[in-house]
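One structure is given here, and the rest of the page talks about it.
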Amino acid sequence: MWIVFIFALLTLLSQIGGCIYLLSILLHRRFKTRSQVKFLGLFVSLYLFCTFVITPPVAKMLGRKALPLNSNGLVIPNHPYTYLLNRHYVKPEMYRLIHESAERFNDKRRGPLKLRYLDANFPFINGFPLLPHRSHDDGEKLDIAFLYANRADHTYWDDRVSLTGYGFCEGPFQGEQNMPDQCRKKGYWQYSLLTKIFGLGSQEQIHFDEDANTALLQSLSSHPSTRKIFIEPHLKQRLGFGSDPKLRFHGCAAVRHDDHIHLEL
């Protein structure tokens, strides 16, 4: 029973983890050892080998490409858990979209400002769920962190604002459309859940950079491969995208999108 549970959990978390767990069990029994430490070492070694050596080229052959793992370029991971759990795969079109948009954005601002990606997709199988997301299952979706500045000197904040990148929200001002409140009143309890879990961040140190985020959204929206962008209605209006059909409301059944940009091909 425990084997089934762990297999399912590892599969849901990383897609490949469950299969590697079963392979580790078979090899462990083959070696006729009962040491749990050796089993754990075997599993971790196999998992890391498959994650960084086997999965990327196989995924590429099947139509998905791994986003960059290091912090040397313009597109960087927000947290190592994203690539350790294989949540950083996209179609080649999305890979080009985010890199070309990052370059165009930095050309306009005379950067460099780095774009932090959050969850993308798993490496294999269309329709395989990337929990807790409702739609990241085909290589065509990517979440990107908003840009922030230091309150003290208004310089670029070059760090993540929360552990996962989610939950640190730029809420509506008085008089702006307040979808978090409207969705809560309709009974959608999950809409602001991530804010309660991850939303503390560094609120006293940083602020939402309206100019930088406007330029970023313009770069993303103007790219011909961009089909839609989800953000909260109050940010769409505040940043001047009221007439842009690509920027849309995602619905109360999702979670709020004033903590990140959801991008789709």
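The values are calculated or read from the model by the stated rules, or taken from the named source; none is laboratory data. Treat the numbers as computed from the prediction; the structure is a model and nothing was measured. Ideal geometry is used to build each Cβ from the backbone, glycine not excepted, and the neighbour counts take in all protein chains shown.
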Task: Subset of segment 85-118 [free of Cβ contacts under 8 Å to residues at least 60 places away in the same chain and surrounded by fewer than 22 Cβ atoms within 10 Å (Cβ to Cβ)] - done: 92, 95, 99, 103, 106, 107, 110, 111, 112, 114
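Starting from residues that are among the hydrophobic types (A, V, I, L, M, F, W, C) and in a loop (DSSP other than H, G, I, E, B), keep the ones in segment 140-158 and report whichever is surrounded by the fewest Cβ atoms within 10 Å (Cβ to Cβ).
Our first condition is that a residue be among the hydrophobic types (A, V, I, L, M, F, W, C); within segment 140-158, this holds for 142, 144-147, 149, 152, 157.
So of that shortlist, the ones also in a loop (DSSP other than H, G, I, E, B) come out as 146-147, 152, 157.
Details: 146: 23, 147: 25, 152: 8, 157: 19.
Among them, the one singled out is 152.
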- [ ] Assess whether residue 126 counts as being outside any loop (DSSP other than H, G, I, E, B) and among the polar types (S, T, N, Q).
- [x] no
Open item on the list: Among the numbered criteria (1) under 14 Å from the mean Cα position of the chain (by Cα); (2) part of a loop (DSSP other than H, G, I, E, B), which one does residue 71 miss?
Closed with: (1)
Task: Yes/no for residue 180 being assigned by TED's automatic domain parsing to the domain that holds residue 93, outside any loop (DSSP other than H, G, I, E, B) and touching a residue at least 40 places away in the same chain (Cβ under 8 Å) - done: yes
Task: Conditions (1) in contact (Cβ under 8 Å) with a residue 24 or more places away in the chain; (2) at positive phi: number failed by residue 255 - done: (2)
Task: Selection count where residues are assigned to a helix (DSSP H, G or I) and surrounded by fewer than 12 Cβ atoms within 10 Å (Cβ to Cβ), scope segment 9-54 - done: 6
TODO: Please verify whether segment 250-257 includes one or more residues that are surrounded by 17 or more Cβ atoms within 10 Å (Cβ to Cβ), of a type outside the set (Gly, Ala, Ser) and not in a loop (DSSP other than H, G, I, E, B).
DONE: no
Open item on the list: Considering only residues that are at pLDDT 95 or above and either in contact with a Gly (Cβ under 7 Å, 6 or more places away or on another chain) or over 26 Å from residue 54 (Cβ atoms) (or both), which ones fall in segment 117-136?
Closed with: 118, 121
Task: Close pairs (7 angstrom Cβ cut-off, 6 or more residues apart or separate chains): farther than 19 Å from residue 60 by Cβ in segment 119-146, surrounded by fewer than 23 Cβ atoms within 10 Å (Cβ to Cβ) and among the aromatic types (Phe, Trp, Tyr) anywhere - done: 146/208
